[in-house]
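As structure tokens, the structure follows; a few thoughts come after it.
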Amino acid sequence: MLQNHLTLPLLNGDRFYCFPESAGHYFPSHEHEVFRQTGAMQEFNFHFIVSGYGYIEIDGRRQELGAGDCFLYFPGDKQVYYAHPEQPWEIKWVHFYGSAVSADLKERGFHRSVPWRLRTSAELETRIDELLIEIERHKLLHPSRVSMLMYGILAEFIEQATPMKGPSAGKATAVERMLALLPELQASAAEPFDLDAWAARAATNRYTFCRWFRRAVGQTPLAFLTMCRIQQAKALLVERPELVIGEVARLSGYETASYFNKRFQESENMTPSAYRQQFAGTRALRI
């Protein structure tokens with residue numbers, strides 16, 4: 001099996017929030033299979049599937065995984081996973097540990113050894129590659145950077161992962177369709193939002209659009225739109241001090257200053273005027 005297997009010495013478990021014990025990149029091989037009994041491994045075991053297919057067994061049931069999927073075992077878990085015999089997977093993986101990572105993952109809902117599907121995987125793979133390069137080039141010369149890169153992998157996983165609940169053929173295409181619309185939706189956030197029109201652009205109906213948008217982005221279309229509008233408003237408040245609040249509201253997609261104030265307050269825990277004041281000193285504001 002062609003592989004890149006990198007290891008690091010174990011550090012004091014309380015030194016960093018998370019730290020890799022080993023990491024690697026395995027290329028397709030139908031011989032890749034792992035069987036670990038309960039208690040055999042005391043680190044977290046994270047695998048990301050780059051291409052091909054493989055299987056993970058949980059409670060006696062076999063689940064197929066493909067490109068963009070991943071799985072996470074907690075310390076002490078029984079582990080059974082292996083490559084597809086005809087289309088074996090290419091995988092990138094990390095074994096890691098940390099002072100409080102277990103409690104934090106469980107609090108966020110990552111408390112079972114189940115396979116996960118990523119809404120989008122490019123950023124996560126980039127984070128893993130950065131860690132592999134750092135370890136390969138510098139070993140343990142920069143432990144703080146190694147820990148930071150490991151945290152980046154975990155943060156991206158937590159942000160993108162949704163539990164896999166069985167076969168999902170065709171879902172990747174739907175998710176990609178939603179993600180492809182994001183730049184244009186963000187650019188036109190200040191314009192009136194027509195849900196049916198956006199659903200038609202995605203070749204579906206409004207109910208399916210909302211369901212798949214939430215799966216792809218992690219929030220509803222309206223929540224995403226609000227986030228974009230508030231972001232635009234914050235930029236205008238700082239960069240265009242000559243604009244009154246009502247004009248900032250209009251340029252950000254809100255018809256009335258009162259409703260804009262309400263949404264801004266909910267998002268930023270302060271009024272638009274208070275936010276602008278942070279950057280404008282005690283200069284009098286026109287409302």
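General observations
- Helix-only CD estimate at 222 nm, as mean residue ellipticity for the chain, using -39500 (n - 2.57) per DSSP H run (n ≥ 4): -13500 deg cm²/dmol
- Cleavage-rule hits, trypsin sites (Lys or Arg not before Pro), region 5-102, DSSP coil, Cβ neighbours within 10 Å at most 13: Arg15
- Column: log10 I(q)/I(0), Debye, Cα scatterers of the chain, q = 0.14 Å⁻¹: -1.04
- Whether region 185-228 is rounded, prolate or oblate, judged on the alpha carbon gyration tensor where a/c under 1.5 counts as rounded: oblate
- Simple rule: put +1 on each Lys or Arg Cβ and -1 on each Asp or Glu Cβ in the chain, find the dipole, and look at Ile49, Pro75, Val175; the Cα lying farthest toward the positive end is Val175.
- With the highest mean first, a sort of the peptides 210-217, 251-258 on other beta-carbon atoms found within 10 angstrom per residue produces 210-217, 251-258.
- For region 3-163, alpha-carbon Rg and Dmax in angstrom: 14.7, 43
- Exposure proxy order (Cβ contacts within 10 Å, fewest to most) of Leu222, Leu131: Leu222, Leu131
Values in this text are rule-based calculations from the coordinates and carry no lab data. In this text, all values refer to a predicted model and were calculated from it rather than measured experimentally. Here the Cβ is made from the backbone with ideal geometry for all residues, glycine too, and neighbour counts use every protein chain on show.
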